[in-house]
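**Student:** Dumping the structure here so I can ask a few things about it.
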Ligand code: PEP
Ligand code: MN
């Protein structure tokens, strides 16, 4: 931590700052410049908050040397982490291809979508049983019946399944059926939910909140990691923008930013980021090109009848075509799309 003193800090104030930080167990290294005096703190900066130092009279600013997300940072883990979702590897050169409808729907529909995305090369099947809807009057999902059905379909077609949890009280039941637990954009800063999910040992797909910075996303990952669950995959799904030509503003650069700061895998979700089937294929490819560890796409065989997010769904044949392009791009970058072992979770 580096303390920058105010230009008009008095000698008494400087002496008080030194005394205070030494009292906290740091060695203070005072450096007097022409205009400013700075104090370098030598010691474990995780033991003190920068804000409490900012409150000392004479202190102008405090600059932490380490990022506040300790476990998520590259310093903590220089090599990229590889998350294992019931045999499907995400990270370290292995790409996750997550596909399926927005919401879990009836069995026939789920069978048809699962068969088509599996044939196209998807390695994780998705579907929401608890839907986080902006309107309380919109379709809310099938609940536990939906989880059971998703599990059955995943097993039948040999794909691990990912599904969203929206309530800390449902973490246990979602953990029972899913291979990966999704925390959606609207709950990225639901710290009680993050803590509960962190107590499980289930891989977590943590989506970026629609108004969250990259640092906010990494701090939310830290909540999960700090509970001992190190199986976290991040997801860029677009943030609020000023232009309504797309549903959200696809922040594809954030993938490269995260790669520079964290060891955690990060995937992209061009479905929720753009909300437009015509933009999903190019934006999926952009995500892979920028270094994403996977692509999350909503697919529906009859979008007009979808229970949610129909307008942004890709048709199975569009998904298959896109998968062909993703495969070519992935091989150009020396990446592979992890095979599905088709195993049940333990
Ligand atoms: C979803 O995956 O269906 C979803 C609701 O996503 P998000 O949380 O990114 O809006
Ligand atoms: Mn959706």
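The values are calculated or read from the model by the stated rules, or taken from the named source; none is laboratory data. Quick caveat, the model's predicted, so the values are computed rather than measured. Please note: Cβ atoms are built from the backbone with ideal geometry, for glycine as well, and neighbour counts cover all protein chains shown.
**Student:** Out of 133, 109, report the one residue that is farther than 28 Å from residue 321 by Cβ, within 16 Å of ligand 2 (Cβ to nearest atom) and touching a residue at least 60 places away in the same chain (Cβ under 8 Å).
**Tutor:** From the options 133, 109, the qualifying one is 133.
**Student:** Right, here's the next one. Here is a list: 95, 66, 41. Which entry is in contact with a helix residue (DSSP H, G or I) (Cβ under 7 Å, 6 or more places away or on another chain), away from ligand 2 (no atom under 16 Å from the Cβ) and within 30 Å of residue 284 (Cα to Cα)?
**Tutor:** Going through 95, 66, 41 in turn, the sole match is 95.
**Student:** Any residue at all in the range 273-281 that is within 16 Å of ligand 2 (Cβ to nearest atom), at pLDDT 95 or above and at positive phi?
**Tutor:** yes
**Student:** Only one of 322, 314 is touching a strand residue (DSSP E or B) at 6+ places or on another chain (Cβ under 8 Å), within 16 Å of ligand 2 (Cβ to nearest atom) and assigned by TED's automatic domain parsing to the domain that holds residue 260. Can you tell me which?
**Tutor:** Every option except 314 fails the conditions.
**Student:** Out of 210, 188, 180, report the one residue that is farther than 17 Å from residue 229 by Cα and in the same structural domain as residue 128 (by TED's automatic domain parsing).
**Tutor:** Criteria check complete, one pass: 210.
**Student:** For the range 54-62, indicate whether the set of residues that are at positive phi and either within 18 Å of the chain's Cα centre (by Cα) or not assigned by TED's automatic domain parsing to the domain that holds residue 309 (or both) is non-empty.
**Tutor:** yes
**Student:** Looking at the structure I just gave you, is residue 237 closer than 23 Å to residue 127 by Cα and within 16 Å of ligand 1 (Cβ to nearest atom)?
**Tutor:** yes
**Student:** Taking the criterion of being away from ligand 2 (no atom under 16 Å from the Cβ), in contact with a helix residue (DSSP H, G or I) (Cβ under 7 Å, 6 or more places away or on another chain), assigned by TED's automatic domain parsing to the domain that holds residue 130 and farther than 17 Å from residue 171 by Cα, would at least one residue in the range 227-249 satisfy it?
**Tutor:** yes
**Student:** Related question: Quickly run through the range 158-171 and pick out the residues that are in contact (Cβ under 8 Å) with a residue 24 or more places away in the chain, farther than 19 Å from residue 268 by Cα and either more than 16 Å from ligand 2 (Cβ to nearest atom) or out of contact with any helix residue (DSSP H, G or I) (no Cβ under 9 Å at 6 or more places or on another chain) (or both).
**Tutor:** Passing the criteria: 158, 159, 167, 168, 170, 171.
**Student:** Just give me the residues in the range 255-289 being under 21 Å from residue 78 (Cβ atoms) and part of a helix (DSSP H, G or I), in sequence order.
**Tutor:** Matches in the range 255-289: 255, 256, 257, 258, 259, 260, 261.
**Student:** Further question: What's the total number of residues in the range 290-310 that are within 14 Å of ligand 1 (Cβ to nearest atom) and part of a loop (DSSP other than H, G, I, E, B)?
**Tutor:** Adding up the residues that qualify gives 5.
**Student:** Is it the case that residue 16 is over 25 Å from residue 222 (Cα atoms), touching a residue at least 12 places away in the same chain (Cβ under 8 Å) and surrounded by fewer than 15 Cβ atoms within 10 Å (Cβ to Cβ)?
**Tutor:** Spelling it out, it is not the case that residue 16 is over 25 Å from residue 222 (Cα atoms), touching a residue at least 12 places away in the same chain (Cβ under 8 Å) and surrounded by fewer than 15 Cβ atoms within 10 Å (Cβ to Cβ).
**Student:** Additional query: I'd like to verify a number: residues in the range 311-330 that are surrounded by 16 or more Cβ atoms within 10 Å (Cβ to Cβ), part of a helix (DSSP H, G or I) and within 16 Å of ligand 1 (Cβ to nearest atom), how many?
**Tutor:** Counting residues in the range 311-330 that are surrounded by 16 or more Cβ atoms within 10 Å (Cβ to Cβ), part of a helix (DSSP H, G or I) and within 16 Å of ligand 1 (Cβ to nearest atom) gives 2.
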